[in-house]
Amino acid sequence: MFPYNVDNDWLTQQTVNAESSCEELRKQLGIPTEAPVILGILKFVPREDPMTLLLAFARLKGSRPQSHLVLVGDGPLRGQMEDYISQNSLSGVHFLGYQPYPSLPGYYRMATVFVHPAVREQWGVSVNEAMVCGVPVVTSSAVGAARDLIQPEESGFVFPVGDSAALATVLDKLIDSIELRTKLAQGGRKIMEKWNYAQTAENLEAALLFVNGGE
C-alpha cells in the first residue's frame, strides 16, 4: 500500500505552534473562547457541496445557537450561500476566502469539528490534515479518504452524501460530548501514524525489492 499522505511532522509542529495564537484568531473573527467552531476548507463548487454544510449548520443553530461556521475557500457558489444566510438571518458564518497553506494549522487548531461534505471526492487530503492536527472529522460517504481513515465513532463519522439533517445530528452529538471529541482526535492521530512519508518510502522500497527478486 502507498498511503496518500501529507507532511505529518510539519503539521504536528505547526499545530503546536498555533496554540498560543488560537485565542487571538478567535478574537479577530469575533468568536468567543468557548464557542464551538465547525470548520470547512473547500472550494465553493457543486462537487464539494458547501451548501449541505451550510444547511446543516443552520439546523445546528437551533439547538446550538453559540456555534460558529468558519469557511476557508471561495468559488462560484458563494453568492448563493450569502443569499441563504441573508434570507434566513443566519449568524455565526465566517467567510475567510482562500488562505495560504502555512496558515491552515491555525484554523485546524481552532476547530471543534472539521467537515468534508463533498458529493464526489476521490480522496481528500484535508481529512489527513485535520486528523494529524487532532480535530474530530466528519465526511460525506462520497469522500474517498473516509474508506481508509475513518472508523465510525473511533476516528470520525460519515454521513450520507447530501443529507444535511444527518450531518447536523452528528455535529450536535460531537459538540455535546468533549469525551467523544477527545476519543476521535486520539483515534485519528493513531491511524495517521501509518499514513506518512516514511511508510510510503518503506513500502516503495519493499515493492522494488520484490520486483528485483529481493536484491
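Every read-out reported here was derived from the displayed coordinates using simple, explicitly stated rules and does not represent laboratory data. Just so it is clear, the model here is predicted, and its values are computed rather than measured. Note that we place each Cβ from the backbone using ideal geometry, even for glycine, and neighbour counts take in every protein chain shown.
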Subject >> Listed residues Leu204, Leu167, Leu96, most fluctuating in the chain (Gaussian network, C-alpha, under 10 Å) >> reply: Leu204
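Can you tell me the dipole magnitude for the chain around its Cα centre, using point charges on the Cβ only (Lys, Arg +1; Asp, Glu -1), in Debye to the nearest 20?
Details: 17 positive and 24 negative charges, 113 e Å.
Rounded to the nearest 20 debye, it is 540 debye.
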**OP:** Return Trp123, Trp10, Trp195 ranked ascending by Cβ neighbour count within 10 Å, so the fewest neighbours appear first.
**Re:** Trp10, Trp123, Trp195
Subject >> Under 27 Å from the Cα of Lys190 - lysines, other chains or at least 8 residues apart >> reply: Lys173
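Given Cα pairs under 8 Å that are at least 6 residues apart, what percent is the relative contact order of the chain?
Relative contact order, the chain: 25 percent.
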Original post:
Out of the DSSP beta bridges found with both residues in region 8-211, what percent are antiparallel (nearest 5)?
Top reply: 5 percent
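Order by neighbour count: Met131, Met192, Met81, fewest other Cβ atoms within 10 Å first, most last.
Listed from fewest to most nearby Cβ atoms, that is Met81, Met192, Met131.
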**OP:** For region 64-137, calculate the relative contact order in percent as a whole number, restricting contacts to Cα pairs under 8 Å that are 6 or more residues apart.
**Re:** 29 percent
**OP:** Between the alpha-carbon centers of region 1-20 and region 106-127, tell me the distance in whole angstrom.
**Re:** 14 Å
**OP:** Can you figure out the FRET efficiency of Ser21 with Ile178, using R₀ = 22 Å and their beta-carbon distance, to the nearest 0.05?
**Re:** 0.50
Original post:
How large is ³J(HN,Hα), in whole Hz, for each residue of region 184-192 in order, when computed from phi with the Karplus curve 6.51 cos²θ - 1.76 cosθ + 1.60 and θ = phi - 60°, using x for Gly and Pro?
Top reply: 5, 4, 5, x, x, 5, 5, 4, 5
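Using Cβ contacts closer than 10 Å as the measure, can you line up Thr12, Thr33 from fewest to most? Don't skip to the end; give the middle numbers.
Details: Thr12 16, Thr33 8.
The most exposed by this proxy come first: Thr33, Thr12.
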